[in-house]
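The values are calculated or read from the model by the stated rules, or taken from the named source; none is laboratory data. Please read these numbers as outputs of a predicted model, since none were measured by experiment. Don't worry about glycine lacking a Cβ; one is built from the backbone with ideal geometry, like all the others, and counts go over all protein chains shown. What goes into the accessible areas is simple: the full protein's heavy atoms, side chains included, and nothing from ligands, DNA or RNA. Shrake-Rupley method; radii C 1.70, N 1.55, O 1.52, S 1.80 Å.
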Amino acid sequence: MADINLTAVEKHFDGVPALQSITAHLNDGEFVALLGPSGCGKSTLLRLLAGFETPTQGAVSIGAAEVANAATGLAVPPEARNIGFVFQSYALWPHMSVRRNVAYPLDVRGISKADKIRQTDAALAATGLQHYADRMPAELSGGQRQRVALARCLVSAPDAVLLDEPLANLDVALRASMQDVFSDFHDRTGATMVYVTHDQSEAMAMADRIAVMSEGRIVQLDTPEILYNQPRSKFVAGFVGEGTVLPIGDVDHSGNMVQARLLRKTITIKTDTQSPNLICLRPEHISITETGDLRAEVQRCTYLGGRYRLTLHLPDGTPIQAESRDRYALGTQLGVSIKAPWAFTEV
Amino acid sequence: MADINLTAVEKHFDGVPALQSITAHLNDGEFVALLGPSGCGKSTLLRLLAGFETPTQGAVSIGAAEVANAATGLAVPPEARNIGFVFQSYALWPHMSVRRNVAYPLDVRGISKADKIRQTDAALAATGLQHYADRMPAELSGGQRQRVALARCLVSAPDAVLLDEPLANLDVALRASMQDVFSDFHDRTGATMVYVTHDQSEAMAMADRIAVMSEGRIVQLDTPEILYNQPRSKFVAGFVGEGTVLPIGDVDHSGNMVQARLLRKTITIKTDTQSPNLICLRPEHISITETGDLRAEVQRCTYLGGRYRLTLHLPDGTPIQAESRDRYALGTQLGVSIKAPWAFTEV
Amino acid sequence: MLARHKLGGSRSEDRLLSLVLLVAIALTLAPVLRLFSEGVTQGDHFSLALMREVLSQSSTHTALLHSLTTAGFGTLVSVVIGSTFAFLVALTDLRAKVALVFCLMIPMMIPPQITALSWTQVMGPSSVLLKTLGIAPPLGAPQPLYSPLGIILLLGVQHTSIVFLTLRAGLRAIPQEAVEAARISGAKGLRVWWQIIVPLCLPSLAAGTAITFVTALGNFGIPAMLGIPAGYVTLPTLIYQKLAGLGISVLAEVAVLAMLIGAVAICGILLQRFFQSRQRVHLVGATAHPLAIPLGRARLPIEAALWSVVCVILVLPMLGLLATSLVPAYGVALRFDTITLSSWYEALFRQPATSRAFVNSFSLSIGAALVLIAICLPLAWLMERNPTRLGHLFDSLVDLPYALPGVVLAIAMILLLINLPFTEATLYGTIWIIFLAYLARFLTVMFRPIQASIRQLDPAMNEAAQSVGANLFQRLRSIILPLSAPSAAAGAILVFLTAFNELTVSALLWSSGTETLGVMIFNLDDSGETVMASALAMTIVLVVMALMGLVQLAARRLPKGVVPWQT
Amino acid sequence: DTLTLYTSQPNADAQKTVDAFMAANPGTEVEWVRDGTTKLMARLRAEIEAGNPQPDVLLIADMVTLEGMAQDGLLTAYQSPQAADYDAALYSADGYYHSTKLITTGIVYNTGAAKAPASWADLKDASLKGQIAMPSPLYSGAALIHLATLTGDETLGWDFYNDLASNEARAKGGNGGTFKAVAAGEKPYGMVVDFLAIRNKAKGSPVEFVFPEEGVSYVTEPVAIMSSAKNVEGAQKFVDFVLSQEGQDLVLDMGYIPARNGAGVPEGFPARENIKLMAFDPAVALQNAEANKAKFAELFGAN
Ligand SMILES: Nc1ncnc2c1ncn2[C@@H]1O[C@H](COP(=O)(O)OP(=O)(O)OP(=O)(O)O)[C@@H](O)[C@H]1O
Ligand SMILES: Nc1ncnc2c1ncn2[C@@H]1O[C@H](COP(=O)(O)OP(=O)(O)OP(=O)(O)O)[C@@H](O)[C@H]1O
Ligand SMILES: [Mg+2]
Ligand SMILES: [Mg+2]
């Protein structure tokens, strides 16, 4: 188990930056998700931690030891870092049985036979694979393969476990159950885990903290609740949770409430800055009431199971997302009121 | 445009049934989703409609014409059915530009050049691809490729459009926006659409009716609301929407409310049968109140963005799913009350 | 009705499949069957007597044993050299890979007779090269290559590129992740190679080994040049010996021996299929980046080692050939005063047949490549979509005409084609019989790569076209053909290059006016004009290299994967 | 009209022969195929097997092969008027074939070799152990005739071959391979057909050819007409032409010893009367062929 430190890390491919000035501290035993759109550098960052790539600039340390430093040229190879890595494609070795796949990290360490069997059995049991030990990977379902990959990475008690979109290839039902497997596993072992995903609900459901990445930078690293409730930029507000970002004006800090003007109406906002210029409007900030001070027209009504998502157009045509238990016909005029959305500053 | 009729269709692969006694009528212009777990036969059914497979038994007709009949040996080949098919993998032809991909269906029909250009341009415009006409598929993003596939299947005005998990390969953000594209397209063209998915929220958001499949059979074909609110089997109740199925007893139809016994408490239920034996408990049927007549303990609390999903254990250990705006610590004892869940009969 | 498992094959596809399959069977299997029928008939009736007799002769047993030994160990040599190169080229950060692969391809493009000729010229006491260097062995010293070992070595060198090409294709499909997963598990160095990479590429290695074995088994040139002087008889040379004899039942005996070779070849191929199906390795995941394992400080020494191997198997024999072509008569030492271009002049400009042969060989090989594309493409595609038992049978036997020695195939063609039914006309004595023989022999060279690529083709590509209304021919032309173009082109290049200097088939089928380059060389060498033969052979090597160079120049404009030696 | 000729003459020689014949017989078009004897016979056998032999005339190989074909009824008899000028041993009494040239087999040695042998018996010398190459009768028709001739000789006989075998002579492959082995110095001594050695020596090859004291064996490249010939008249003209003085001058010109009496010898050869031909009967040789081969294989190994 170990904390991870990244100091001013950059990674360029052929001169094109894939990672830029990444400085972050991941605590020992923490479950951190890397979240971001495709191509933002999540995999590159993870591969850098694993040692498959070396930083162009900056330094990386895992636990007490520095493992990579562009200035000194230090680069501990992956096989010497004692970390686990779970690949999106599982990367099981198709020519080895499940047991051999899982035992391989112990094989290469030359551990005594009895210990090896014991540890392998334990890893298989922890992932519920006891009964599949003698199958070949080709004979397993997607979720089972995923669990073999997990067992293989756990068997040698790594300091940290890195996972690159481990659930992207699974179907929705399997995904949900595998999410539980990962969470349970984290709770039980307490290993530091870094988990790459582009699915925000996955990140929010599992991670202690989420690093939202965009264009090679970490734009916000916070707990899921803070990310959702207090985004610090337009990008995070739009990417995490459903929401609409709208401009506000005339922020007024008088009294114990902060108020601002949105489309010529005054609303209450929450903020921690002096003069925010944007609000992040989530469905739960919008209530549909006959007495609502804003008028809106229903543009689209999507069934979510038990509730509907309404796409509403404000009088000036701005679309906002609301939720409701009832279906509304398209074109219905509704009154909406807005309840204390989060406001932040971005130029 | 055409309605689709399936009569007692069966499909066996090497004697193993993949589809069993499928009888269904899909209306002209309807958007029907096929929903079901992996391997239940969704793709097989769709491929049968397209003509890529022939039924082992039964008959299929599209519009007025019968296209396949196992008894008479009739099997109209796919190229003669005038249907559109959108593949999960897009199946764009990598050696043709976007324009040529889209124009190909017109090419093979030998349509005049002017008409061809006009119709192709229209299809490109309808999918917002005007500016990409001269790119090669490899130079497009996933969502753009998906739209090319859509444009290609629309250009020749097919009677019906069949889509096999067209969004499974896309990331969550793109998926949501593509769902809108499909819905818009359906609204605009009014084509009969059959849409395979294993993602229930996708099916509910888009479809007029959903056919839930299990082990080669259609177990329920209904609107999303009815499926969600009034499932007719344990399978549908569990598969559509999050929910727990619990057994009930002592159903009492006296008065204008139906009541039944759940874990020694009496609750109100909704039903349309005489003696239902199961209820389907959705999160919205459960409210957390200090005065709730049932006691429950928090087992897991997952952040969903703006709300939490609580896994609660009833006193006898039965897990149920509830939702809440607030976080609860694991182990907290809560009072819950249950509000009129749907009850049905299954042996 | 045959039991079949259809992937949506339609009736028009059924009909086309039957048609194309018929053509292909008529092309490839009919001659072979016609020949085999000689072996099992006596007079007009069926008899196994001769077969029993030939198969019980001790000379047959010895030859079979020798064939198995030389082909087996020769294959081993190919596998060792070819796979070493394939591993290093496909997986590491070597420099100048294209040049290396290019050089490694050349031995396959040179007819075996010439390879053998050039090697004996380098190694023996009269080696012009060694004489010039003053290190020729003394008179009477045995030629070291006239031995089983020599045959094995040269067979190995000749077929190295087959192993190399097939294995490299397999290696490129290994996902980076499989290796990274091993490293992150703590494995390093050779352990990763041995435990992960080698097992993962076994299927392609098996495929390459099988083709190499079959090709080595049917090779006549090398055992003839090196084995006959050593008294070491293999099945192909035994056939030659039979032909040189005076017996009346010669053809029948030849047919029986040919059947024996065919049987061994089929066993080899079936064995490979068996292993491949047992060891079916599914590679999951896309290969985003091919592997490039850094060699570090070992890179320079490894590069030096590889290039010296290329030197030994390519440059040295070529130098020998070149040196021989520059002397006035065989056995004369190459010195400044003896050097002469007269045999080049004589071979290239004085002999009218030479230019004819160039034209003939060129048109034959281009024609064969084009016709074979036209046959193999629909055939491979339809067979994949619509597997029938006949198709399976064809699939197992299509290698036969390639595995049989060329002389045998030529005899089969004569037997089959000298009397065309219902007509006075005959193909015999025209260039068409050679052409048909080439089609039969090289069909598999074209068919296998196309088959492999069609197997990988996403069926949705075709179904998408079907769903928008394209009929069978529209689909074949505008979807299947362009999508399998890279492998078709690779097959075409291989067919062209091997047909260009083909010898053993045309040797029996040519007549004046239809000489091929291979025949020219052989006839020159046969009538004692070894020096002129060397000059012509050298010319052919240069022409082949120039053609390969042209392809290389065009490589950037061709679709990826078309040029076999392009990385 | 056309005449089809199968010949094993080298390309250039065949072309010369055909050109001269066509010049002498305007109106007859000659289609010809040339190849090594083995290949040509394989091809001919396949044609016969398929029931459609192509050639009208053969100018090919040796008398033994043609004797065999004659006995199988594949040849037509023709008594050429030119035969009068030939030794009776050189043509079939029934007129099935007529010899056209003499290709003798003698001794060749590399000029770098220590000894200069003068007779067949010299090859038995123990100092030549492992240094001798000769063509194998299993691969070469000429070698089979050579074997039949030498073993039929009273002074040499099978004893000679026994001695060669114990002297570790190598008997593999054909004449071309043997010559190359000698010229290359791999085996400095060998038995080989005359013209190969004499012509290459003229071009500078380091070899010397010897007509041994006991005499030489010979093959004669006979000409014959197929029984299936379509153009018998043209075929007969062709036979007459190659046997005529004009035809034999051509043979001389090509560098072979003409078979016709008093026709001279090419440059580099001793005078015709100094070349001693050993006795030879093709019919006997044919009869013993299999036995000879078997005996030979026993001595020198099955190959
Ligand atoms: N080996 C490489 N060579 C060159 N460029 C690379 C390499 N690896 C990654 N890149 C580039 O670096 C950028 C970040 O890539 P990365 O794979 O880290 O993205 P990602 O966030 O993991 O995306 P995804 O969600 O699609 O996996 C991309 O622009 C990519 O093209
Ligand atoms: N060509 C085939 N040959 C044999 N069995 C087949 C074939 N195609 C489908 N099956 C079998 O039919 C059943 C239904 O398969 P199908 O592909 O229709 O499932 P699906 O519902 O589309 O699943 P998924 O969500 O995984 O795509 C499966 O058991 C499958 O193995
Ligand atoms: Mg990634
Ligand atoms: Mg499917």
_Label-zone membership for the range C:58-97, site C:Q552, 7 angstrom Cα→C-beta point, backbone N under 12 Å_ = C:96-97
*Suppose R0 equals 30 Å; then what is the FRET efficiency for C:S56 and C:S18 from their Cβ-Cβ distance, rounded to the nearest 0.05?*
0.15
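Return a whole-number percent for the relative contact order of chain D, with Cα pairs under 8 Å and 6 or more residues apart as the contact set.
27 percent
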_Neighbour net charge for A:R309 - beta-carbon separation under 9 angstrom, K R +1, D E -1_ = 0
*Per the Kirkwood definition applied to all pairs of different Cα atoms, how many angstroms is the hydrodynamic radius of the range B:242-344?*
14.0 Å
*log10 I(q)/I(0), Debye, Cα-only the range A:94-248, no solvent, q = 0.11, 0.13, 0.18 Å⁻¹?*
-0.52, -0.68, -1.06
*Pop the C-beta distance of D:V232 and D:E290 into the FRET formula with R0 = 25 Å and round what comes out to the nearest 0.05.*
0.15
*Would you mind computing Rg(Cα) / (2.2 N^0.38 Å) for the protein assembly as shown, counting N as its residues?*
1.19
*Among all the aspartates and glutamates, which ones have a C-alpha under 13 Å from A:K116's C-alpha, if same-chain residues fewer than 8 places away are not counted?*
A:D107
*Calculate one ³J(HN,Hα) per residue across the range C:195-206 by plugging θ = phi - 60° into the Karplus curve 6.51 cos²θ - 1.76 cosθ + 1.60, and present them in order as whole Hz with x for glycine and proline.*
8, 10, 5, 4, x, 6, 9, 4, x, 6, 5, 4
*Grab the DSSP H runs of chain A that are 4 residues or longer, score each as -39,500 (n - 2.57), total them, divide by all residues and round the 222 nm result to the nearest 500 deg cm²/dmol.*
-7000 deg cm²/dmol
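Using a 1.4 Å probe over the heavy atoms of the protein chains, calculate the carbon and sulfur portion of the accessible area of the protein assembly as shown as a whole percent. Write out the running numbers ahead of the final one.
On the way: 33670 of 60380 Å².
Its accessible area is 56 percent carbon and sulfur atoms.
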*Would you mind checking which residues have amide H under 5 Å from D:V207's amide H? H placed 1.01 Å from N; only 5 or more apart, or other chain.*
D:T111
_For B:R295, inter-copy label distances in nm, listed shortest first [label point 7 Å out on the Cα-Cβ vector]_ = 5.4
*Starting at the first residue of the range B:296-305, write each ³J(HN,Hα) from the Karplus equation 6.51 cos²θ - 1.76 cosθ + 1.60 with θ = phi - 60°, in whole Hz, x for Gly and Pro.*
8, 10, 6, 9, 7, 9, 10, 6, 10, x
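Can you give me the accessible area per residue for the range C:50-312, using a 1.4 Å probe, in Å²?
Accessible area per residue, the range C:50-312: 37 Å².
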*Spin-label model distance (nm) - D:A89 vs A:T189, 7 Å beyond Cα toward Cβ*: 9.8 nm
_Run the Debye formula on the Cα coordinates of chain B, all scatterers equal and no solvent, and tell me log10 I(q)/I(0) at q = 0.07, 0.08 1/Å._
-0.39, -0.50
*Taking amide hydrogens as modeled 1.01 Å from N in the peptide plane, which residues meet the under 5 Å criterion relative to A:L163, leaving out close sequence neighbours?*
A:V86, A:V194, A:Y195, A:V196
*Which distances, shortest first and in nm, link A:A340 to the matching position in the other copies, using label points set 7 Å out along Cα to C-beta?*
3.2
*asked:* On a 26 Å Cα-Cα criterion, which of the cross-link pairs C:K242/D:K124; A:K270/B:K339; D:K187/D:K295 come out too long?
replied: C:K242/D:K124; A:K270/B:K339
*With a 1.4 Å probe and every protein chain left in place, work out the accessible area per residue of the range B:4-238 in Å², rounded to a whole number.*
37 Å²
*Based on Cβ point charges of +1 for Lys and Arg and -1 for Asp and Glu, what charge dipole magnitude is obtained for the range B:242-344 about its Cα centre, in debye rounded to the nearest 20?*
220 debye
*asked:* Using a 1.4 Å probe and counting only protein heavy atoms, how much accessible surface gets buried when A and B come together, both sides summed, in Å² to the nearest 100?
replied: 2100 Å²
*Of the beta bridges DSSP finds with both residues in the protein assembly as shown, what % are antiparallel, to the nearest 5?*
70 percent
*Inter-label distance, nm, simple model (7 Å from Cα along the C-beta direction), A:S21/B:R118*: 5.7 nm
*Give me the Kirkwood hydrodynamic radius of chain C in Å, from all C-alpha pairs, to one decimal place?*
25.1 Å
*Percent antiparallel among DSSP beta bridges with both residues in the range B:234-347, to the nearest 5?*
95 percent
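Let's test the formula: R0 of 35 Å, r as the Cβ-Cβ distance of C:V543 and C:L68. What FRET efficiency results, to the nearest 0.05?
For R0 = 35 Å, the calculated efficiency reads 0.50.
In Å² (nearest 100), what accessible area is buried between B and C, both sides summed, heavy protein atoms only, 1.4 Å probe?
In total, this chain pair buries about 1900 Å².
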*Sort shortest first the distances from B:D14 to its counterpart in every other copy, using label points 7 Å along the Cα-to-beta-carbon line, and give them in nm.*
4.5
*Just how many % of Cα pairs in the range C:333-423 lie over 19 Å apart, if you round to the nearest whole percent?*
71 percent
*Would you calculate the separation in nanometres between label points at C:L190 and D:D281, each defined as 7 Å from the Cα along the Cα-to-beta-carbon direction?*
7.3 nm
*If one takes the accessible area of chain C alone plus chain D alone and subtracts that of the pair, with a 1.4 Å probe, what total in Å², rounded to the nearest 100, results?*
4300 Å²
*Suppose every K and R has +1 on its Cβ and every D and E has -1 on its Cβ; what is the size of the dipole of the protein assembly as shown about the Cα centre, in Debye to the nearest 20?*
3200 debye
*Using modelled backbone amide H atoms (1.01 Å from N, in-plane), which distant-in-sequence or interchain residues come within less than 5 Å of A:F31's amide H?*
A:M193, A:D208, A:R209
*Taking accessible area as the heavy-atom solvent-accessible surface of the protein chains with a 1.4 Å probe, which residues of the range D:190-214 lose no less than 50 Å² upon going from the isolated chain to the full protein assembly?*
D:K203
*Could you give the length gained on full extension between D:M22 and D:L299, defined as 0.36 nm per residue of separation minus the Cα-Cα distance, in nm?*
94.9 nm
*Out-of-range pairs (alpha-carbon distance over 26 Å; input D:K39/D:K276; D:K203/D:K237; D:K115/D:K201)*: D:K39/D:K276; D:K203/D:K237
*For chain C, what is the charge dipole size about the Cα centre, in debye to the nearest 20, if Lys and Arg each add +1 at the Cβ and Asp and Glu each add -1 at the Cβ?*
1680 debye
